[in-house]
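Data block below; observations after.
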Amino acid sequence: MPESLRAPAAARNAVRIAILAAFAVLPGAALADSDPQQQTTLDAAAALAGRAAGSDLERVRGDVVELADLARRHIDEAGLDAALKDFLSPPWTREANGLHLWGVTTDGVSWFDTGHPELVGIDVSNITDIEGRFWTQLAEASASGTGDKVFLLLFPHPRTARSAAGYHTCFMLDDDERILCAGAFEDAPTG
């Protein structure tokens with residue numbers, strides 16, 4: 001091949017390689033943006049905080065499960081003490097649906113509650129929801145896997161204090177004494 005044709009051929013090959021490399025990288029980048037596992041825990045919590053489920057109980061249920069999963073991830077990433085401090089404020093709390101984290105001990109003492117902070121430090125083992133369900137027992141059964149993973153309660157909505165249906169799901173912390181739960185309620189339809 002003459003010298004004068006080698007340079008354009010080399011340039012064409014370089015362009016082809018660059019185009020192939022771009023096509024190889026772009027799908028991976030697009031997948032990373034849409035893959036929730038690639039999203040940081042804080043970004044996912046912020047996205048959850050920006051949504052509202054309204055009176056759609058299935059969406060409330062999904063939000064509760066998602067918040068519990070994110071809380072567990074955040075504890076693993078930041079450590080329990082730092083995570084608990086973070087859980088006191090957005091994006092870990094959401095006014096819509098009263099989405100929040102709460103916790104009880106296996107002895108039935110409320111130890112953490114961003115939705116009903118007035119309960120913290122109180123033995124709540126004998127407190128029931130409006131229909132007579134002992135919610136600390138439901139929390140422990142959810143956390144230990146001996147009951148429903150996600151359970152329904154009729155309890156005062158953290159924002160309105162009116163009785164509302166709400167879903168909750170729980171998990172046991174590493175000390176096997178404290179249970180952390182995510183909960184949210186249906187918001188009354190407006191308009």
Review point. Which of the residues spanning the range 49-99 are in contact (Cβ under 8 Å) with a residue 60 or more places away in the chain, in a loop (DSSP other than H, G, I, E, B) and not hydrophobic (A, V, I, L, M, F, W, C)?
Key: Gly54, Ser55, Asp56, Glu95
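Out of all the residues in the range 164-186, which are exposed (fewer than 15 other Cβ atoms within 10 Å of the Cβ) and modelled with pLDDT under 95? Quick ask: steps written out before the conclusion?
In the first step, residues of the range 164-186 are kept if they are exposed (fewer than 15 other Cβ atoms within 10 Å of the Cβ); the result is 174-177.
Answer for the range 164-186, where residues must be exposed (fewer than 15 other Cβ atoms within 10 Å of the Cβ) and modelled with pLDDT under 95: there is none.
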Check your understanding: Do we find that Gly108 is surrounded by fewer than 20 Cβ atoms within 10 Å (Cβ to Cβ) and either touching a Ser or Thr at 6+ places or on another chain (Cβ under 7 Å) or in the same structural domain as Gly50 (by TED's automatic domain parsing) (or both) in this structure?
Key -> yes
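Would a scan of the range 82-92 turn up a residue that is of a type in the set (Ser, Thr, Tyr), more than 21 Å from the chain's Cα centre (by Cα) and assigned by TED's automatic domain parsing to the domain that holds Asp176? Give the derivation first.
The initial filter retains those residues of the range 82-92 that are of a type in the set (Ser, Thr, Tyr), namely 89.
From the residues that got through so far, the ones that are more than 21 Å from the chain's Cα centre (by Cα) too are none.
No, the range 82-92 contains no residue that is of a type in the set (Ser, Thr, Tyr), more than 21 Å from the chain's Cα centre (by Cα) and assigned by TED's automatic domain parsing to the domain that holds Asp176.
Can you tell me which residue is surrounded by the most Cβ atoms within 10 Å (Cβ to Cβ) among those in the range 27-53 that are among the charged types (D, E, K, R) and modelled with pLDDT of 50 or more? Before you say what the answer is, go through the steps one by one.
Residues of the range 27-53 that are among the charged types (D, E, K, R), as a first pass: 33, 35, 43, 51.
Subsequent filtering for residues that are modelled with pLDDT of 50 or more retains 35, 43, 51.
Details: Asp35: 10, Asp43: 12, Arg51: 15.
So, considering only residues that are among the charged types (D, E, K, R) and modelled with pLDDT of 50 or more, the one surrounded by the most Cβ atoms within 10 Å (Cβ to Cβ) is Arg51.
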Review point. How many residues does the range 102-146 hold that are under 22 Å from Leu70 (Cβ atoms), in a strand (DSSP E or B) and not hydrophobic (A, V, I, L, M, F, W, C)?
Key: 3
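The values are calculated or read from the model by the stated rules, or taken from the named source; none is laboratory data. All values derive from a computational prediction rather than experimental measurement. Cβ: placed from backbone, ideal geometry, glycine included. Neighbour counts: every protein chain shown.
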